[in-house]
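**Q** Pasting a structure below so you can have a look.
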Ligand SMILES: Nc1ncnc2c1ncn2[C@@H]1O[C@H](COP(=O)(O)OP(=O)(O)OP(=O)(O)O)[C@@H](O)[C@H]1O
Ligand SMILES: [Mg+2]
């Protein structure tokens, strides 16, 4: 039994069908990544899962409870980060988290700990409204982290962050997973998805068109099965990725003519673009 | 209870950082002290400024602050953060309401002390004025709940505020206006607390406060049912 479950979720806004039967089952302790072009309904799906929005059809459950019936007593177990969740702009970073700590009865010493994790400790006295975009997003992320929930929903947790900071956030999330937290995240960053997610799902035109372990998905779409070789003289060569190429490859290696070798296996980004016919927005 | 206290604390810290709200809370108490000490007109009724500004304070401060806080939290999405953290809508409103009530109680206490009332009169003064604050707060909450943004909430709150805080004063100059003003809870409170200074309290004036209380509760129930808190 999954800790997050969706079956045949449908949602329309007026005429526009955003979700047309989305199903998945996420195991406890998993990091599940939802990828999809801008406007494909990722945020909408998070809202439905967390009970902020009613689906037109289908069923969703968190912790075995139907999304629409999650009582206030269970909210502490579910941490959510999304842009629609405002921050108190006049209050300092620290006091923003203080509100959360007071609500959940969390020890104040945890606040500094969390601020250090997301790299906002230096800015803890800054009014939240004065933070940069990336810092605001880290403040939003720090709230579910402080809450230490069983499930976290993170809507684009690292968008707008520089690679080094994003890496730090990744470390924090991996640590949380190790501690048993289940993480559902959306992202436009394919590297992030490949690196972080145990499983990913590609959402396109209202349906999940592919789901699985990132590396396996990439291998699945390796239709060419070739080795692309760049020789020392700058010319390129392509060999079938099987035993028939062994002799030639060995010869080239012995002669020291090889500059680089790559398998033709596509990266996630290529797979995504091919499947959705859509370049990813940032 | 923990949630109500958390909201109360949040609002306290936020108000200190928000000059617009702070002015609402302190303007009239300061005005009263200044006017009472600086202006001295011969045949002016006793406690004239105290009564006049107290009524304005009641008609303005709780109404505007309540409507403004609730609608701002809706607009900025902080309310969603709270609700999705398991805060019950009524705990939220209670936390904000309690904070405004506490500040107004403090303001009115300062006013009554410097007004030089006897202890018994002070108690009556506070009872009358604080019931008015409750009516104003509920009205403000109804407005805050029904409007999607702070500016649109202010658009609705300001006319109400103008009527309730200025009508009692204006009706002193016009008989016809006094008849209309009779329907305003602030007018009732105006009569009650001006009576204090002359030992002629007409308790009938409290009926309109009670009636207004039920009216705003009903109004709140309707707007809340229609809009929820989001
Ligand atoms: N409240 C709403 N009313 C009407 N349409 C909406 C509403 N919320 C979302 N939509 C529409 O639903 C579609 C999906 O939106 P959603 O925000 O879920 O996309 P997304 O995948 O999160 O996109 P992005 O990657 O840009 O964040 C969009 O076409 C959007 O216009
Ligand atoms: Mg989105």
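**Q** From the set of residues in region A:223-250 that are outside any loop (DSSP other than H, G, I, E, B) and surrounded by fewer than 11 Cβ atoms within 10 Å (Cβ to Cβ), which is farthest from the chain's Cα centre (by Cα)?
**A** A:247
**Q** Take the residues in region B:191-209 that are without any contact (Cβ under 8 Å) to a residue 24 or more places away in the chain and in a helix (DSSP H, G or I); name whichever of them is surrounded by the fewest Cβ atoms within 10 Å (Cβ to Cβ).
**A** The qualifying residue surrounded by the fewest Cβ atoms within 10 Å (Cβ to Cβ) is B:207.
**Q** The conditions are (1) in contact (Cβ under 8 Å) with a residue 24 or more places away in the chain; (2) assigned to a loop (DSSP other than H, G, I, E, B); (3) away from chain A (no Cβ under 14 Å), and residue B:43 fails exactly one of them. Which is it?
**A** Answer for residue B:43: the failing condition is (1).
Residues are listed down the side, and each one gets a yes or a no for (1) over 27 Å from residue B:96 (Cβ atoms); (2) modelled with pLDDT under 90; (3) part of a loop (DSSP other than H, G, I, E, B):
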residue	(1), (2), (3)
A:28	yes, no, yes
A:53	no, no, yes
A:61	yes, no, no
A:73	no, yes, no
A:87	no, no, yes
A:96	no, no, no
A:99	no, no, no
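**Q** Which of the numbered conditions does residue A:117 fail, given that it passes all the others? Conditions: (1) closer than 27 Å to residue A:26 by Cβ; (2) out of contact with any strand residue (DSSP E or B) (no Cβ under 9 Å at 6 or more places or on another chain); (3) surrounded by fewer than 19 Cβ atoms within 10 Å (Cβ to Cβ).
**A** Every condition holds for residue A:117 apart from (3).
**Q** Would you pick out the residues in region A:26-63 that are within 14 Å of chain B (Cβ to nearest Cβ), on the phi < 0 side of the Ramachandran plot and either away from ligand 2 (no atom under 16 Å from the Cβ) or in contact with a strand residue (DSSP E or B) (Cβ under 7 Å, 6 or more places away or on another chain) (or both)?
**A** Answer for region A:26-63, where residues must be within 14 Å of chain B (Cβ to nearest Cβ), on the phi < 0 side of the Ramachandran plot and either away from ligand 2 (no atom under 16 Å from the Cβ) or in contact with a strand residue (DSSP E or B) (Cβ under 7 Å, 6 or more places away or on another chain) (or both): A:43, A:46, A:48, A:49, A:50, A:54, A:62.
**Q** As an exercise: evaluate residue A:116 against (1) more than 13 Å from residue A:184 (Cβ to Cβ); (2) under 21 Å from the mean Cα position of the chain (by Cα); (3) away from ligand 2 (no atom under 16 Å from the Cβ) and give the number of the one condition it does not meet.
**A** Here residue A:116 meets the rest and fails (2).
**Q** How many of the residues in region B:1-40 are more than 23 Å from residue A:105 (Cα to Cα) and either more than 14 Å from chain A (Cβ to nearest Cβ) or part of a helix (DSSP H, G or I) (or both)?
**A** The total comes to 23.
**Q** Select from region A:79-99 the residues that are within 20 Å of residue B:230 (Cα to Cα), away from ligand 1 (no atom under 16 Å from the Cβ) and within 24 Å of the chain's Cα centre (by Cα) and list them in ascending order.
**A** A:79, A:86, A:87 - these are the residues of region A:79-99 that are within 20 Å of residue B:230 (Cα to Cα), away from ligand 1 (no atom under 16 Å from the Cβ) and within 24 Å of the chain's Cα centre (by Cα).
**Q** Scan region B:105-116 and tell me whether some residue there is closer than 22 Å to residue B:9 by Cβ and surrounded by 22 or more Cβ atoms within 10 Å (Cβ to Cβ).
**A** Checked against the condition, which is being closer than 22 Å to residue B:9 by Cβ and surrounded by 22 or more Cβ atoms within 10 Å (Cβ to Cβ), region B:105-116 yields at least one hit.
**Q** Then there is this: Taking the stated definitions as given, is residue A:2 assigned to a loop (DSSP other than H, G, I, E, B) and away from ligand 2 (no atom under 14 Å from the Cβ)?
**A** Considered against the rule, which asks whether it is assigned to a loop (DSSP other than H, G, I, E, B) and away from ligand 2 (no atom under 14 Å from the Cβ), residue A:2 comes out as yes.
The values are calculated or read from the model by the stated rules, or taken from the named source; none is laboratory data. It should be emphasised that the depicted structure is a prediction, and the values quoted were computed from it without experimental measurement. All Cβ positions, glycine included, derive from the backbone under ideal geometry; neighbour counts span all protein chains shown.
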